[in-house]
Amino acid sequence: MATAGKIIKCKAAVCWGPNKPLSIEDVEVAPPKEHEVRIKIVATGICRSDEHVLSGSLNDIKFPIILGHEGAGIVESVGSRVTGIKPGDKVIPLIIPQCGKCRCCVNPESNFCYKNFFGKFDGKIVENTTRFTCKGIGIHSFLGTGTFSEYTVVDDIAVAKIHDDAPLDRVCLIGCGFSTGYGSALNTAKVKHGSTCAVFGLGGVGLSVIIGCKVAGASRIIAVDINNNKFAKAMECGATECINPKDYDRPIQEVLAEMTDDGVDYSFEVIGNTGVMESALSSSHFGCGTTIIVGVAPSSAKMSFDPLLILTGRTLKGSTFGGWKSKDHIPQLVCDYMNKKFNLDLLITHKLPFEKINEGFKLLCNGESIRTVLTL
Ligand code: CND
Ligand code: ZN
Ligand code: ZN
């Protein structure tokens, strides 16, 4: 491509600090270095985790930063020593890289990687620098993906080549929300056929948990949210019943215990609220229940619970990116979508041009949208 090896000037939504609207700026995107890939982003979803940064609930975020971690695009150019990815390939940037060599990568039970960005939040890619500049200032990249930009640079261990015919304006959700929820049911909880599940929080990630529970053959999927407007979509995704904690004057775990002969087999917290995490744990069956934390709590929040809950047979686990080994599994998930194994189109409630990104965040915060897909 004519732009290979050169700085690209393009538009990006820069987050200069918490509690400020994103600002569409002209940025410079440096060419990819060794083991890096520069991508033309075509579409990107807005996930609640981006909003956590905007609202200042995550510590140690380096500003200014370009958010966005649910994108899909086309490779513009590759740096030296990149193998298996070439200009023109359709790709999804990965929020958890897969170096293939570290202790996590070689363990089939883990989908983490020592080169991960999650929990580190320093906004740098592996070489420890940034590739974006705006007004002479280096701009960080959230989770190493920075998809709220027409072009971004990622590490080659943090990008998956996907099917040439994949519709990028939909499979972008496989970059985070869909895969995170779906995999937490299938890979982390390993939901069994005929089991009972409760899903707390019915945003894009929670609905994807429901889709996963359904694919796993759960017999009951109880959807829990404080916003009744989320229930119709939850039923469409596979929930068998919906409940609102505000409709009861007793703790929701008691309601769930009554509904399910003493507790669900699997419960999922998909909000990022430590109080709800405790309710989800208490909702699972005392002898054999499993609770999965998917929501990202504010940095300072602490969970507290009676250890007897665990001692009596419950299991508490967390799941990042649905337990998928990113580079290995994402291309297959894209094919599964194209083969109609699941329907992630249900999650897309809004489509907006990139310039309207702040409107997209408003829709998320008002509870009006599930996923807004921005097209660049
Ligand atoms: P979104 O905000 O769309 O959904 C959250 C839902 O929870 C909304 O429907 C709310 O109405 C509902 N809710 C809020 N408070 C309560 C409550 N007290 N009781 C019941 N329901 C409530 O968010 P999302 O689906 O985009 O993301 C959900 C969480 O998942 C969020 O914390 C995000 O940061 C996290 C996440 C995790 C990962 C991962 O890899 N683990 C990846 N991406 C996002
Ligand atoms: Zn996300
Ligand atoms: Zn690794």
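The values are calculated or read from the model by the stated rules, or taken from the named source; none is laboratory data. None of the values given here were measured: they were computed from a predicted structure. Cβ sites come from the backbone with ideal geometry, for glycine too, and all protein chains shown count toward neighbours.
Summary of values
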read-out: In the stretch 300-327, the residues that are within 16 Å of ligand 2 (Cβ to nearest atom) and polar (S, T, N, Q); value: SER319, THR320, SER326
read-out: Hits in the stretch 36-54 - residues which are within 16 Å of ligand 2 (Cβ to nearest atom) and aliphatic (A, V, I, L, M); value: ILE41, ALA43, ILE46, VAL53, LEU54
read-out: Any hit, the stretch 345-356, residues being free of Cβ contacts under 8 Å to residues at least 60 places away in the same chain, surrounded by fewer than 18 Cβ atoms within 10 Å (Cβ to Cβ) and more than 27 Å from HIS163 (Cα to Cα); value: yes
read-out: Helices (runs of 4 or more DSSP H) contained entirely in the stretch 300-372, each with at least 2 residues that are over 26 Å from LYS214 (Cα atoms); value: 308-311, 357-365
read-out: Among the residues listed as SER300, SER304, SER369, the single one being within 17 Å of the chain's Cα centre (by Cα), of a type in the set (S, T, N, Q) and over 30 Å from ILE85 (Cβ atoms); value: SER369
read-out: Qualifying residue in the stretch 81-88 (condition: buried (at least 18 other Cβ atoms within 10 Å of the Cβ), more than 15 Å from the chain's Cα centre (by Cα) and at pLDDT 95 or above); value: yes
read-out: One residue from THR320, THR349 being within 12 Å of ligand 1 (Cβ to nearest atom) and in contact with an Asp or Glu (Cβ under 9 Å, 6 or more places away or on another chain); value: THR349
read-out: Residue within the stretch 37-55 that is crowded, with 23+ Cβ neighbours inside 10 Å and within 16 Å of ligand 3 (Cβ to nearest atom) present; value: no
read-out: PHE118, sole failed condition from (1) in contact with a helix residue (DSSP H, G or I) (Cβ under 7 Å, 6 or more places away or on another chain); (2) farther than 30 Å from THR260 by Cβ; (3) within 16 Å of ligand 3 (Cβ to nearest atom); (4) at pLDDT 95 or above; value: (4)
read-out: Meets criteria (in contact with a helix residue (DSSP H, G or I) (Cβ under 8 Å, 6 or more places away or on another chain), surrounded by fewer than 17 Cβ atoms within 10 Å (Cβ to Cβ) and at pLDDT 95 or above) for LYS325; value: no
read-out: Residue match in the stretch 102-115 (condition: touching a strand residue (DSSP E or B) at 6+ places or on another chain (Cβ under 9 Å) and within 16 Å of ligand 1 (Cβ to nearest atom)); value: no
read-out: Positions within the stretch 62-97 being part of a loop (DSSP other than H, G, I, E, B), in contact with a strand residue (DSSP E or B) (Cβ under 9 Å, 6 or more places away or on another chain) and either within 22 Å of ALA13 (Cα to Cα) or within 16 Å of ligand 1 (Cβ to nearest atom) (or both), in sequence order; value: LYS62, PHE63, PRO64, LEU67, GLY68, HIS69, GLU70, LEU94, PRO97
read-out: Subset of the stretch 125-141 (residues that are in a loop (DSSP other than H, G, I, E, B) and either touching a Lys or Arg at 6+ places or on another chain (Cβ under 8 Å) or modelled with pLDDT of 75 or more (or both)); value: ILE125, VAL126, GLU127, THR129, THR130, ARG131, LYS135, GLY136
read-out: Test: residue in the stretch 249-270 that is among the charged types (D, E, K, R) and under 22 Å from ILE348 (Cα atoms); value: yes
read-out: Helices (runs of 4 or more DSSP H) (entirely within the stretch 143-235) containing at least 1 residues that are surrounded by fewer than 24 Cβ atoms within 10 Å (Cβ to Cβ) and within 20 Å of the chain's Cα centre (by Cα); value: 168-171, 204-215
read-out: Per-region count, the stretch 190-231, residues small (Gly, Ala, Ser), over 19 Å from ILE348 (Cα atoms), in contact with a Leu (Cβ under 9 Å, 6 or more places away or on another chain) and away from ligand 1 (no atom under 13 Å from the Cβ); value: 1
read-out: Some residue of the stretch 55-62 being within 16 Å of ligand 2 (Cβ to nearest atom), under 21 Å from HIS140 (Cα atoms), within 19 Å of the chain's Cα centre (by Cα) and free of Cβ contacts under 8 Å to residues at least 60 places away in the same chain; value: yes
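Yes or no, residue by residue, for (1) over 21 Å from VAL373 (Cβ atoms); (2) among the β-branched types (Val, Ile, Thr):
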residue	(1), (2)
SER149	no, no
HIS163	no, no
ASN187	yes, no
HIS193	yes, no
PHE200	yes, no
VAL209	no, yes
